[in-house]
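Below: one structure, written as structure tokens.
The values are calculated or read from the model by the stated rules, or taken from the named source; none is laboratory data. Worth saying up front: this structure is predicted, and the values here are computed from it rather than measured. Cβ coordinates were reconstructed from backbone atoms using ideal geometry, including for glycine residues, and neighbour counts include every protein chain displayed.
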Amino acid sequence: MLKYSIRVSQKAKHVRLTVSVQKGLEVVIPRGFDRKRIPAIIEEKRQWIRTAIERIEQHARFILPDEEVKLPEQVFLQAIDEIWEVQYKEGQAKAVRVYEAGDGLLLLRGNVQDKSECKAALRRWLTRKAHDRLVPWLRDVSRETGLSFNHVLIRCQKTRWGSCSRHKGISLNLKLLFVPAPLARYIFIHELCHTLHMNHSQRYWSLVASKETGYAGLDKELKSAWLKMPHWI
């Protein structure tokens, strides 16, 4: 029997399974849900769970202890074809701020001896970059495919490239900035298709195929893209 933990969510309306490095398999249930039904649900989703666990375990092997993580001297954002040389300047401020100094130079100023502060500052910069570059790109793909959405959020997620809510709200992982452009575009299409089909049914995949004929190869390539993420992110 697979080991799992249970979390009761006040907002959940349906049972949801999640797999993460920190928590393993977690079953999220609505308040009042009959817990005796959980083993049957896990058995039904056994293959999906095993695949997710294997992916997480593979990903975990590339996670270094925080003290071993080196801060970047260069940041390559493949999706938007930008390369930034990174410089660190000690300052009096306890916080660390990031400045685009021009000519592909990224300047971090402040308490740059604090790795956590530097990484947090870089994530804030990446969030802004994703808003500036990925969101307009998503809108272009939306117009191109005829699949509309209502709003978009940028997050830094550990196991998802993106998601789509039943209210047609799309969430994008800022780590998409580090993957090749065709993979980022495929994620846009993948989530936009969920605005019509909130599942992975045959109808859903047929819609994906009509918008991206090479989706199968891109989907396979995407599964190993996690391994190419910079350790500091």
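Can you confirm whether Ile233 is of a type in the set (Val, Ile, Thr) and out of contact with any Ser or Thr (no Cβ under 7 Å at 6 or more places or on another chain)? Yes; evaluated as a whole, the condition is true for this residue. Note on region 198-233: residues that are part of a loop (DSSP other than H, G, I, E, B), β-branched (Val, Ile, Thr) and surrounded by 12 or more Cβ atoms within 10 Å (Cβ to Cβ) total 1. Screening region 9-108 for strands (runs of 3 or more DSSP E) wholly inside it with 1 or more residues that are at pLDDT 90 or above and under 29 Å from Arg133 (Cβ atoms) returns the ranges 74-77, 82-90, 96-102.
Exactly one residue among Leu134, Leu192 is closer than 17 Å to Leu77 by Cβ and in contact (Cβ under 8 Å) with a residue 24 or more places away in the chain, and that residue is Leu134.
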